[in-house]
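Remarks on the structure that follows.
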């Protein structure tokens, strides 16, 4: 049993719950960065030595509420974040929408007004050991997604109508809330209130105020504020942990320790001596002093391996785990209880009005999400239901390819403030003819999906070492949730392509390898992935006589070499007309010049790429001597004229994070191309060479891009794609000497080698 406690509190402080855990220091930012978001809020930050003066922002119509928006908020020891406001301002609201936790290890200060301060960041807020407060009134910190007002909402991400946000907040609304952690001295003047609202609230520092409320919100909930002039009068729509008996039980831990991007836990272990252990976490493993476990140690090492950004995903696993150890680790993970497969599907046929409303809602949400990530208006097109059906019909006429569009919506917060959050997965299906259908699959929570996706990804990677099929249980579970209900709806139609628009957490699923118990999904359908239909160019353009601009690098100053790249570039040039450039000629300026001189329909980049957590600024494609940022790729002019296909070969990625997946899923949109082909993980250099050679060969026979990828994947699955000891069977060139020793143990039929390659954007 773990006892709850607190540090000394001033006055009549009421501590609802403080969970004291001992663990290692968080990874603090090495440099202090407070940067305003370029989202129209108007926040201005001026640095004066160790002080960051924060001014301007957006006011509510009555001038009482002042709003700020930050892209980055990393405040180091000795620094001050000074919010400047005129005396009429009663409350200052600051959001941090840079897709990472806010780190505060300095002083928070307000100058010019006796205002309350609200901090909003759904990814989490960390107060370091040197954090202090110089605030005149109340402080509220929340990891919710929205703060409700009478006439609107202050959203953590996206656009806000600040003018309408008048008066006091009326509610805090949560969707997978992150963690609030305090190691500092959060002290407020007498008579003031301190409120911490998060998925987990962890305090190892000092909290002092007249009134203190610490609320840990489980899952997706909303908290209503009773307007009696005090922020401390709250009502809950769910079960907030109150710690009334001063003890913590194992049944409470999953909800208390489930966080967003600050810390993650995966498994709770109860030892024979009654001690509780958190595994698969960057936190110190023991919740009780002296608790140890071999299982926890192995899983902790495994997590550290997965999170490494210095080496590729596979290289990191190789350095930490032998083949046997990896297989054993996977056995342990897959033997843990898996979510039950939902068997009951609630079906609703949507009339034109309802279908149009559902389409508008999901398209607007997805478009805004990607626009926020890339930091600019992506110019999404508003498509009506008749326009979508006409598009699908037109593509079928031109290509003979019959397609269906499926929007996958993961469980979200209930619309009604006091309605219980449901665990229901929704699939919206749009075909060229007939009425759209909504399918509700109950009993599938966000946690169920996340756990299954993570297990599936890792099982595919780890099992490739020993050729096992231990990925099948989760492959079949995900198939029953995501695919089986759709298949039942397709009827007698001969559907060729399923085009998915996935919700957060599912955008990097290796969906081609989902399995029905007898076949992989790719054995039935071509697969495509879109951020949203309104963000892509879906119209078909044949690739007859297409030119290929192939560029790549085999040597790097700080990254692993890619010795297969010269062979890959040469093979493509033998199969398709075009130009090729290698190493020193693989520069951004040459990339621009070549495309301006003779526009190519296909651009092939064989190099490293990184889709990192954070915003688009953190993701890049490695050129010879520089990095092409994902946020800058749209400036290359690949939409004038439009490039039909961007192939990003041999990716080095940090996927598996819901923030990183935004860059991957939006790759085609970011580049301004119709379609992009890229990999979810690092496949071997030789394996990528084999797939790319086969893909360009298949693309000559079928000019529907998704079908060419499917035929490539099937050829690998059935053992039809292979590399000879000395040369590629498709081309007339020899393999580099250093690659020949890798061929003996290479089983290209394993889905690890082919399922990670995904077509993003238009599949046609």
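Calculated FRET efficiency, residue 397 and residue 487, Cβ-Cβ r, R0 22 Å, to nearest 0.05?
FRET efficiency, residue 397 to residue 487: 0.35.
According to a simple spin-label model (label point 7 Å from Cα along Cα-to-Cβ), what is the distance in nm between residue 720 and residue 364?
Each label point is offset 7 Å from its Cα along the Cβ direction, giving 4.7 nm.
How far is the Cα center of the range 62-110 from the Cα center of the range 354-403, in Å?
After rounding, the separation between the Cα centres reads 37 Å.
Going by average Cβ neighbours within 10 Å, how do the peptides 201-212, 37-48, 127-138 rank, with the highest at the top?
In descending order of packing, they fall as 201-212, 127-138, 37-48.
Set the Förster radius R0 to 60 Å, insert the Cβ-Cβ distance between residue 541 and residue 187 as r into 1/(1 + (r/R0)^6), and round the FRET efficiency to 0.05.
0.40
Write down the percent of antiparallel bridges among all DSSP beta bridges whose residues are both part of the range 533-624, to the nearest 5.
15 percent
What FRET efficiency, computed as 1/(1 + (r/R0)^6) with R0 = 35 Å and r the Cβ-Cβ distance, is obtained for residue 377 and residue 345, rounded to the nearest 0.05?
The formula returns an efficiency of 0.40 here.
Quick one: in the range 81-164, what % of C-alpha pairs are over 18 Å apart?
Distances greater than 18 Å cover 46 percent of the Cα pairs.
What is the packing order of peptides 58-65, 505-512, 346-353, taking the mean over residues of other C-beta atoms within 10 Å and listing the highest first?
Top of the packing list down: 505-512, 58-65, 346-353.
Within 10 Å, count the other beta carbons around each residue, average over each peptide in 362-369, 690-697, and list them highest first.
690-697, 362-369
Kindly work out what percent of the DSSP beta bridges joining two residues of the range 29-102 are antiparallel, to the nearest 5.
Here the antiparallel bridges make up roughly 55 percent for the range 29-102.
I need the P(r) histogram for the range 536-582: all alpha carbon pairs, bin width 5 Å from 0 out to the longest distance, whole percents.
5, 19, 21, 15, 14, 13, 8, 4, 0
Suppose we keep just the DSSP beta bridges with both residues in the range 96-228; what percent of those would be antiparallel, to 5?
Around 25 percent of the beta bridges assigned by DSSP in the range 96-228 are antiparallel ones.
Taking 0.36 nm per intervening residue step and subtracting the Cα-Cα distance, what contour gain separates residue 524 from residue 598 on full extension?
Going from the current span to full extension adds 22.8 nm.
Every number here is computed from the coordinates shown, using simple stated rules; none is lab data. This one's a predicted model, so the numbers in the text were calculated from it and none came from an experiment. Here the Cβ is made from the backbone with ideal geometry for all residues, glycine too, and neighbour counts use every protein chain on show.
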